Amino acid sequence: VVPDTIDEQLVKEGNKVYTVKCSACHKTTEEKLVGPGWLGVTKRHKPEWILNFATNPEAMIDKDPALQAQLEICLVRMPNQNINDEEAKAVYEFMRKNDLKQK
């Protein structure tokens, strides 16, 4: 269940995780870096999909046709950053706040 309001403390934690583990390959805009940009990601994918991909990228890439198609565009598999469930929730909240920029 996704709350209606943004949890700012989780956003701060998510920003820390993003900075350390995600920002080398992902921008918070639509622009592709190594991987796709994050703007709009919470509107394109369900929360459970995002959380599962953050914590289990190898299994998701092997099974999800959309990720396999993305791999053909990016040419690099997302490495496992060993993101735990709490970090994944924080990153998701950071993504949700980022997506408020998109109208």
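The values are calculated or read from the model by the stated rules, or taken from the named source; none is laboratory data. Remember, predicted model here, so these are calculated numbers, not experimental data. Note that each Cβ is placed from the backbone with ideal geometry, even for glycine, and that neighbours are counted across all protein chains shown. Areas reflect the complete protein model, heavy atoms only, side chains present, ligands, DNA and RNA absent. Shrake-Rupley method; radii C 1.70, N 1.55, O 1.52, S 1.80 Å.
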Q.
Restricting to DSSP H runs of at least four residues, report the calculated mean residue ellipticity at 222 nm for the chain, -39500 (n - 2.57) per run over all residues, nearest 500 deg cm²/dmol.
A. -15000 deg cm²/dmol
Q | Calculated FRET efficiency for the pair ALA69/LEU33, C-beta based, R₀ 22 Å, to 0.05 | A | 0.75
Q: For segment 15-56, run through the GluC sites (Glu not before Pro) and keep only the ones in DSSP coil with at most 12 other Cβ atoms within 10 Å of their Cβ.
A: GLU30, GLU31
Q: Of the options PRO36, PHE94, PRO79, report the single residue whose Cα projects farthest towards the positive end of the charge dipole of the chain (beta-carbon charges: Lys, Arg +1; Asp, Glu -1).
A: PRO36
Q. Hey, what's the per residue convex hull volume over the C-alpha atoms of segment 11-66, in cubic angstrom?
A. 96
**Q.** q = 0.11, 0.16, 0.17, 0.18 Å⁻¹, the chain: log10 I(q)/I(0) [Debye, one scatterer per Cα]
**A.** -0.30, -0.65, -0.75, -0.85
**Q.** Mean Cβ count within 10 Å, highest first, over the residues of peptides 1-9, 14-22
**A.** 14-22, 1-9
Q: Please give the per residue accessible area of the chain, computed with a probe of 1.4 Å over protein heavy atoms only, in Å².
A: 64
Q.
If the reach is capped at under 19 angstrom between alpha carbons, list the aspartates and glutamates near LYS32, excluding any in the same chain fewer than eight residues apart.
A. GLU72, ASP99
Q: Would you work out what percent of the accessible area of the chain, with all protein chains in place, is carbon or sulfur (probe 1.4 Å)?
A: 56
